[in-house]
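Notes follow the structure.
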Amino acid sequence: MSSEPATPSARRAPPRPAPRIPRRILAVRLPWWPTERLARRRPEARTRPFVAVGENGGRAIVEAANPLATRAGVTPGMPLADGRAIVPGLVVRPADPAADARALERLARWAGRFTPRVMPGGRDTLFLDIAGCDRLFGGEEALTASLRAALEDFGLTVRLALADTPGAAWALARHGAGDPAVVPAGAGPSGLGDALSQLPVAALRLSAGVAAALASFGLDRIHALSVMESVELVRRFGTEPVRRLRQALGFLDEPIAPLRPPPPREVRRAFAEPVSTAAGIRAAVDGLLDDLCLALSRSGEGARRLRLVCHRTDGDRRTLAVGTSRPLRGKRRLMVLFAEKLDRVEPGFGIDEIVLAADAAETLDEPQTDWSGETAGGCRTGGEEGLADLLDRLGNRFGFGSIARPAPRRSWLPERAAGRRAPLADRGDGAASWPSDRRRPLRLFSPPEPVEAVTLEPAGRPLGLRRRGRLHRVSASEGPERLECEWWREDAPRRDYYLAEDEAGRRYWLFREGGGDSCAGPAPEDASRSEGMSRWFLHGLFA
């Protein structure tokens with residue numbers, strides 16, 4: 001009896017599993033995160049023994065300590081009374097785990113510039129999946145160095161580890177040797193196991209009770225767990241050790257869940273009867289600002305850019321936008337900004353809905369004032385707020401990009417010694433400053449104007465100068481003042497400046513450029529002369 005041939009479906013091979021996308025997890029540990037976060041506003045957190053204290057069972061307990069306090073013997077979990085006995089001058093501030101978590105989330109959103117897959121892990125760790133993103137920075141090493149430099153510029157202490165799983169990266173960031181500690185890509189479970197084998201079992205993110213129970217049985221290293229049967233571990237210690245070990249070795253997936261975009265800060269109001277009068281529109285905006293400012297207050301934020309959308313009954317809409325020079329959530333000041341533009345809204349046959357949204361918002365810390373209206377630093381807030389209100393009105397009328405203040409930059413060359421900064425930007429302790437011991441003209445030419453100078457020697461003082469076809473005899477001169485190029489620039493010239501006065505009393509600021517010891521660089525205008533010759537330029541006039 002002949003059997004029927006197998007059908008094509010019967011001979012079809014089972015479907016292949018989809019290839020697994022490789023991952024490279026960079027764990028960023030911030031070992032002093034609570035105290036370094038506070039140090040941004042409290043300098044004593046860096047210069048003196050400093051602790052953040054919480055309450056547990058009616059007792060004040062140290063929850064975080066800075067390096068100075070830790071080296072003195074004050075550690076987290078210690079009663080505050082014991083800490084003060086060890087360090088009598090201990091600086092104490094209340095701990096705020098919720099604020100620490102919010103700040104860590106903001107830092108995770110900032111780290112999105114390195115990879116879109118960023119997730120906070122615990123109280124002081126960030127996980128970044130940099131697979132596919134490292135080539136944009138020149139490789140894993142370059143990306144890691146860029147991230148470290150940026151975080152250290154924030155004043156943060158960083159430990160980094162790179163592996164194929166979050167569990168392994170977390171373990172190495174806390175207990176591994178080297179910084180960064182790196183497990184090569186594609187090492188697999190065996191390579192990860194070798195890298196983790198000598199680390200303590202606490203590196204597997206176990207709860208304190210489970211880690212202590214394992215250590216009491218002599219299972220204090222990850223290698224001791226990996227050689228045991230899973231059934232025995234589960235029977236004695238529960239599923240946590242097995243699950244964490246499998247996650248660290250890559251047998252059990254542990255996803256990196258990217259942060260969701262922050263919810264839009266938006267309020268809206270619909271009307272049963274369309275609004276068509278200026279008074280009605282203004283009243284509606286006034287009520288919307290009440291709701292929006294309340295929401296911003298609850299989130300500890302202030303608006304930097306707001307958008308008002310009026311939906312008309314004919315399907316059209318009118319949009320107004322206002323910006324602020326600093327985070328703001330005061331209804332009165334925001335209403336002033338909108339009031340200048342509300343007359344541009346054309347209601348047509350009526351407006352049936354108005355939407356107010358804060359498209360950009362920043363953290364807002366309210367200044368502490370006393371009864372006289374002065375802040376702790378002694379500055380009267382009324383003057384500062386008045387200036388900010390003026391800048392807001394000017395910015396919304398002419399554009400915030402048109403408003404700036406000059407600020408010094410670190411350069412001796414006059415055309416590079418000033419830049420533009422936001423009007424209310426803090427100067428900062430390390431900012432550059434203009435030299436106070438050098439005389440500089442009130443008016444500078446940009447670019448410097450080429451002139452002809454009369455000298456007795458190639459490197460001598462100017463005895464006269466010819467400008468725009470007219471000869472000016474120099475009656476007195478002072479100099480030279482050598483201004484050299486920055487060492488990190490190759491295109492900046494080396495110049496000798498002179499302050500010269502002619503017979504009519506006009507004073508000039510001249511410089512000689514070129515000659516044998518000049519830096520290579522283009523002349524401001526006249527490039528027709530040979531490179532070895534000296535060239536003279538008029539850079540400014542004194543009043």
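The values are calculated or read from the model by the stated rules, or taken from the named source; none is laboratory data. Remember, predicted model here, so these are calculated numbers, not experimental data. Neighbour counts are summed over all protein chains in view; Cβ atoms, including those assigned to glycine, are modelled from backbone coordinates with ideal geometry. Note: accessible area is taken over every heavy atom of the protein model, side chains too, but ligands, DNA and RNA are not part of it. Shrake-Rupley method; radii C 1.70, N 1.55, O 1.52, S 1.80 Å.
The modelled label-to-label distance for the pair Arg113/Gln198, using points 7 Å beyond Cα in the direction of Cβ, is 3.8 nm.
Evaluate 2.2 N^0.38 Å with N set to the residue count of region 101-160, then give the Cα radius of gyration divided by it. Could you put the intermediate results ahead of the total?
On the way: Rg = 11.1 Å, N = 60, 2.2 N^0.38 = 10.4 Å.
For region 101-160, the normalised Cα radius of gyration is 1.07.
Phi-derived couplings, Karplus 6.51 cos²θ - 1.76 cosθ + 1.60 at θ = phi - 60°, listed residue by residue for region 185-199: 5, x, 5, x, x, 5, x, 5, x, 5, 5, 9, 4, 8, 7 Hz, with x used for Gly and Pro.
Distances between placed amide hydrogens fall under 5 Å for Ala64 paired with Ala52, all partners being 5 or more residues away or on another chain. Extension gain for Ala208 to Leu259 (0.36 nm times residue separation, less C-alpha to C-alpha distance): 15.6 nm.
Determine the gain in length on full extension of the stretch Ala504-Glu484; use 0.36 nm per residue of separation and subtract their C-alpha separation, reporting nm with one decimal. Could the numbers behind the result be given before it?
Details: separation 20, 0.36 × 20 = 7.20 nm, distance 3.13 nm.
Gain on extension, Ala504 to Glu484, equals 4.1 nm.
Of the solvent-accessible surface of region 176-262, computed with a 1.4 Å probe and all protein chains present, 58% belongs to carbon and sulfur. When the P(r) is computed for region 187-326, the part past 22 Å accounts for 61% of the Cα-Cα pairs.
Of the residues Phe511, Phe217, the one with the largest accessible area comes first in the ranking Phe217, Phe511, computed with a 1.4 Å probe on protein heavy atoms.
How high is the relative contact order of region 177-242, given as a whole-number percent (alpha carbon pairs under 8 Å, six or more residues apart)? All intermediate terms of the calculation are to be shown ahead of the outcome.
Numbers: 42 pairs, mean separation 18.4, N = 66.
So the answer I get is 28 percent.
Amide H to amide H distances under 5 Å link Asp164 with Ile25, where only residues 5 or more positions off or on other chains count and H is placed in the peptide plane. Report the Cα centroid-to-centroid distance between region 315-338 and region 29-79 in angstrom, as an integer. Cα centroid to Cα centroid, the span is 41 Å.
Per residue, the accessible area of region 86-243 comes to 47 Å², computed with a 1.4 Å probe over protein heavy atoms only. When the chymotrypsin sites (Phe, Trp or Tyr not before Pro) in region 225-334 are filtered for DSSP coil states and for at most 13 other beta-carbon atoms within 10 Å of their beta-carbon, the remaining sites are Phe251.
What part of the accessible area of region 274-315, given as a whole %, is carbon or sulfur when the probe is 1.4 angstrom?
Values: 920 of 1910 Å².
Exposed carbon and sulfur together represent 48 percent of the surface.
Taking the centroid of alpha carbons for each part, region 389-410 and region 216-244 are 63 Å apart.
Between Arg440 and Glu152, what is the FRET efficiency for a Förster distance of 35 Å, r being their Cβ-Cβ separation, to the nearest 0.05?
On the way: r = 36 Å, r/R0 = 1.02.
So, using R0 = 35 Å, E works out to roughly 0.45.
Distant-in-sequence amide contacts of Arg265, defined by a placed amide H-H separation under 5 Å and a gap of 5 or more residues or a different chain, comprise Ala358.
Once the C-beta distance of Thr47 and Arg397 is scaled by a Förster radius of 45 Å, the resulting FRET efficiency is 0.50 to the nearest 0.05.
Let me check I've understood the local charge: for Ser402, count other residues with C-beta under 15 angstrom from its C-beta, Lys and Arg +1, Asp and Glu -1. What total comes out? Show your work: numbers first, answer last.
Details: positive: Arg393, Arg397, Arg405, Arg420, Arg421; negative: Asp392.
Once positives and negatives cancel, what remains is +4.
For a label point 7 Å from the Cα of Arg93 along Cα→C-beta, name the residues of region 40-60 whose backbone N is under 18 Å from it. 40-55, by backbone N distance to the label point. In order along region 106-115, phi translates into HN-Hα couplings of 5, 5, 5, 5, 4, 5, x, 6, 9, 6 Hz, rounded to whole numbers, per the Karplus curve 6.51 cos²θ - 1.76 cosθ + 1.60 with θ = phi - 60° and x for Gly and Pro.
The length gained by stretching the chain between Thr75 and Arg409 to full extension, at 0.36 nm per residue less their Cα-Cα distance, is 116.0 nm. The simple spin-label model puts a point 7 Å past each Cα toward its Cβ; for Phe542 and Met335 those points are separated by 5.6 nm.
In region 199-271, Rg over Rh equals 1.36, where Rg is the alpha-carbon radius of gyration and Rh the Kirkwood radius from pairwise Cα distances.
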